[in-house]
Number of protein chains: 2
Amino acid sequence: MAGIEFGASDRLESMRLLVDAELEALIENEIESGSGQVAELCGSVLLAGGKRLRPLLILLAHEIAGGTDIEEIMPLALASEMIHTATLVHDDINDEASHRRGVETIHSRVGLPKAVIAGDWLFTKGFGLGGCYEENIVRILAQYCADLAVSEFEQLDHVLDLTTSPEDYLRIVRGKTAGPFGAGCYAAGLVAGLSDERAYSLKQFGMELGIAFQLVDDLLDLRGDERMGKPRGADVIEGKMTLPLIHALTLSHGKQRVRLAELIEDFSDEDFDELMDLLNRSDSMKYTEILVKTHLERAVTNLNAFVDSDAKKHMVSITDYVMNRHM
Amino acid sequence: MAGIEFGASDRLESMRLLVDAELEALIENEIESGSGQVAELCGSVLLAGGKRLRPLLILLAHEIAGGTDIEEIMPLALASEMIHTATLVHDDINDEASHRRGVETIHSRVGLPKAVIAGDWLFTKGFGLGGCYEENIVRILAQYCADLAVSEFEQLDHVLDLTTSPEDYLRIVRGKTAGPFGAGCYAAGLVAGLSDERAYSLKQFGMELGIAFQLVDDLLDLRGDERMGKPRGADVIEGKMTLPLIHALTLSHGKQRVRLAELIEDFSDEDFDELMDLLNRSDSMKYTEILVKTHLERAVTNLNAFVDSDAKKHMVSITDYVMNRHM
């Protein structure tokens, strides 16, 4: 699937397959060494596909920074995917989601208690992998995970909060989505031996890419893209204040504003066309699309500090991939 | 409270107060640096009291091993308490517990989603603290957390399983309760510079103490000790196969066995006297008490390799404390 998504890039596809193989070996090893059902359940989610964007970016950031030994960076790449999957397992509990990527969620299959513990196991294994690095790298890992929790709290507080501002939104997205991308690229640069200043450019690349990634997720939720593996409008049903909604609420007035608020507060699939009509009247989808482009351009600008290379080309092609996801 | 519990030991009490103060400073620092509500909620559980047995044992194991710089070991001691509290927050969700130590649980106060994330935050902060140590220490930390998850899975599989054997029980307890004690003492010994072999004696001390600790918990649940902060028989109601129950089911036969099985499978508080009568007929409480003593004696034997010292005296007094908890 990602082979098609990444377009003509054989290199990215072979890197993705390498990450898949490493994750598979890790889970098999865990099952053999006695983690049994926990490892199997976690493996079923971890290995159910996925673009592996986080590990790929870490591998590429390491390479663009001059790293030549992939073994040196692989544990961090795998850690990022384990921790990401841990948050998915716990998010799915909290969103009461029955499916992800078309596969039944862990709590639907084996109940809440095991799903909570399975997520903890994935966190633990992720941190264990990160433990082979110096203290500064472990701190970056721990910090983005802590920020993630703080942002998820804030997001919960903004559920159905129609006064959520673009600033609130961006702060949450920085912690929840962009932070992990940024931290991964930053840490990869440091592992490769970059100065803090140059590694910071990689962090900014990851942050900008991450913001764009979330904006595209917001758009896809409203477009009902089947690649999301969940029904269209799921975010709206959950009361998540995505940027198109925030933008439309800000710009609309009079009867339209009242109707928009009504729709958001009690949304069901039959309201879909009416909601899209209101969002389009305020150009909110278009506005979000433009922001995607802006953040991706900013991401690429942060790579200017690095000489042209195969890694750089592939990092740019990942920004293209994020751009094309919403088209 | 622990001042009384630890008896006449002023040293243990002052160590406990030091740990409390460090945890308090850590939470305050987190609140100030923007973790707001997550840190406050987690702080309300973390700072609600508690014996701080895990951090105290780590500090003492470090000292008995020849460590002289308490700053060197404090992050590990705090990490153990943060991770312990993370598991409590998630366990309380899974047990649907409304109170712990007489305080309302996080999920009762702010709902499931925030409680799941709060536990994740505590895990994350615990691992972050552990990140200042060498890779071998981080591995020990990650391994005991992973074992913990595996054992909790197994415990869930044995809920109301009347065929649970003493071996099943001990395997679960080793992962769930004793492992964290053992790993903490082991790691503390290594940090202080002990050889692996000598640090292993500290690990065994912690494991034996941890098994005894769990057995006492089993006894207190049936005795309805108010220090547990939950109603008597809570384990029985949850279908947890504690050792007194396993022992009684093994020894009883005929009508008594049938009645005991009925009581366990559908227990309510009014059955309490009848259950205790059946447990006493098979001497199951007494059997468990003897095991407590055996494991505590074995714990102390593992300290023989160390010369007498203040730290050793206090480690022994902690085994006395565990012994006296059930009397």
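The values are calculated or read from the model by the stated rules, or taken from the named source; none is laboratory data. Computed from a predicted model, the values in this text were never measured in an experiment. All Cβ positions, even for glycine, are placed from backbone atoms using ideal geometry, and neighbour counts span all protein chains on display.
Numbers below:
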{"quantity": "Subset tally (residues that are polar (S, T, N, Q), more than 8 Å from every other protein chain (Cβ to nearest Cβ) and within 19 Å of A:G184 (Cα to Cα)) for the range A:143-172", "calculated": "1"}
{"quantity": "Residues satisfying the stated conditions in the range B:89-108, i.e. surrounded by fewer than 24 Cβ atoms within 10 Å (Cβ to Cβ) and within 7 Å of chain A (Cβ to nearest Cβ)", "calculated": "B:I93, B:N94"}
{"quantity": "Filtered residues of the range B:238-271 (kept if within 21 Å of B:V173 (Cα to Cα), among the small types (G, A, S) and part of a helix (DSSP H, G or I))", "calculated": "B:A248"}
{"quantity": "Any hit, the range B:272-283, residues being of a type outside the set (D, E, K, R), within 18 Å of B:L170 (Cβ to Cβ) and in contact with a helix residue (DSSP H, G or I) (Cβ under 8 Å, 6 or more places away or on another chain)", "calculated": "no"}
{"quantity": "Close pairs (6 angstrom Cβ cut-off, 6 or more residues apart or separate chains): of a type in the set (G, A, S) in the range B:301-325, not in a loop (DSSP other than H, G, I, E, B) anywhere", "calculated": "B:A305/B:S201; B:A311/B:L60; B:A311/B:E63; B:A311/B:I64"}
{"quantity": "Matching option when the condition is in contact with a Cys (Cβ under 6 Å, 6 or more places away or on another chain) and buried (at least 24 other Cβ atoms within 10 Å of the Cβ), among B:A86, B:A61, B:A79", "calculated": "B:A61"}
{"quantity": "Counted residues, the range B:218-238 - those being at pLDDT 95 or above and at positive phi", "calculated": "0"}
{"quantity": "Helices (runs of 4 or more DSSP H) (entirely within the range B:102-217) containing at least 3 residues that are at pLDDT 95 or above and under 26 Å from B:V292 (Cα atoms)", "calculated": "B:135-157, B:166-173, B:179-191"}
{"quantity": "Residue satisfying condition, being touching a Lys or Arg at 6+ places or on another chain (Cβ under 7 Å), under 24 Å from A:D217 (Cα atoms) and not basic (K, R), within set A:V19, A:V45", "calculated": "A:V19"}
{"quantity": "Answer residue from the range B:61-101, given it is assigned to a loop (DSSP other than H, G, I, E, B) and without any contact (Cβ under 8 Å) to a residue 12 or more places away in the chain and is farthest from B:L18 (Cα to Cα) among those", "calculated": "B:E96"}
{"quantity": "Any chance A:T68 is more than 14 Å from chain B (Cβ to nearest Cβ) and closer than 25 Å to A:I246 by Cα", "calculated": "no"}
{"quantity": "Positions within the range B:278-293 being in a helix (DSSP H, G or I), touching a residue at least 12 places away in the same chain (Cβ under 8 Å) and polar (S, T, N, Q), in sequence order", "calculated": "B:S284, B:T288"}
{"quantity": "Residue list for the range A:293-327, filter: hydroxyl-bearing (S, T, Y) and closer than 15 Å to A:L60 by Cβ", "calculated": "A:S309, A:S317, A:T319, A:Y321"}
{"quantity": "Selection status of B:A86, at the interface with chain A (Cβ under 7 Å from one of its Cβ atoms) and touching a helix residue (DSSP H, G or I) at 6+ places or on another chain (Cβ under 7 Å)", "calculated": "no"}
{"quantity": "Criterion (free of Cβ contacts under 8 Å to residues at least 40 places away in the same chain, buried (at least 20 other Cβ atoms within 10 Å of the Cβ) and not hydroxyl-bearing (S, T, Y)) met by exactly one of A:L190, A:L245, A:L296, A:L275", "calculated": "A:L245"}
{"quantity": "Any hit, the range B:234-253, residues being farther than 17 Å from B:T164 by Cβ and basic (K, R)", "calculated": "no"}
{"quantity": "Looking only at the range A:301-327, and only at residues there that are in contact with a Ser or Thr (Cβ under 6 Å, 6 or more places away or on another chain) and under 29 Å from A:L222 (Cβ atoms), the one that is modelled with the highest pLDDT", "calculated": "A:N302"}
{"quantity": "Positions within the range A:112-127 being at the interface with chain B (Cβ under 8 Å from one of its Cβ atoms) and within 22 Å of A:L23 (Cα to Cα), in sequence order", "calculated": "A:K114, A:V116, A:I117, A:A118, A:G119, A:D120, A:W121, A:F123, A:T124, A:K125, A:F127"}
{"quantity": "The one condition in (1) at pLDDT 95 or above; (2) touching a helix residue (DSSP H, G or I) at 6+ places or on another chain (Cβ under 7 Å); (3) of a type outside the set (S, T, Y) that B:E262 fails to fulfil", "calculated": "(2)"}
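So that you can scan it fast, the table gives a plain yes or no per residue for (1) in contact (Cβ under 8 Å) with a residue 60 or more places away in the chain; (2) buried (at least 22 other Cβ atoms within 10 Å of the Cβ); (3) more than 30 Å from A:A261 (Cα to Cα):
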position	(1), (2), (3)
A:C132	no, no, yes
A:Q143	no, no, yes
A:H158	yes, no, no
A:T163	no, no, no
A:S195	no, no, yes
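Rundown of residues vs (1) of a type outside the set (A, V, I, L, M); (2) crowded, with 21+ Cβ neighbours inside 10 Å; (3) at the interface with chain A (Cβ under 10 Å from one of its Cβ atoms), yes/no style:
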position: B:V110; (1), (2), (3): no, no, yes
position: B:L129; (1), (2), (3): no, yes, yes
position: B:R139; (1), (2), (3): yes, no, yes
position: B:G184; (1), (2), (3): yes, yes, no
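For (1) more than 23 Å from the chain's Cα centre (by Cα); (2) at pLDDT 95 or above, each residue gets a yes or a no:
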| position | (1), (2) |
| --- | --- |
| B:E5 | no, no |
| B:D20 | no, yes |
| B:E28 | yes, yes |
| B:S33 | yes, no |
| B:G36 | yes, no |
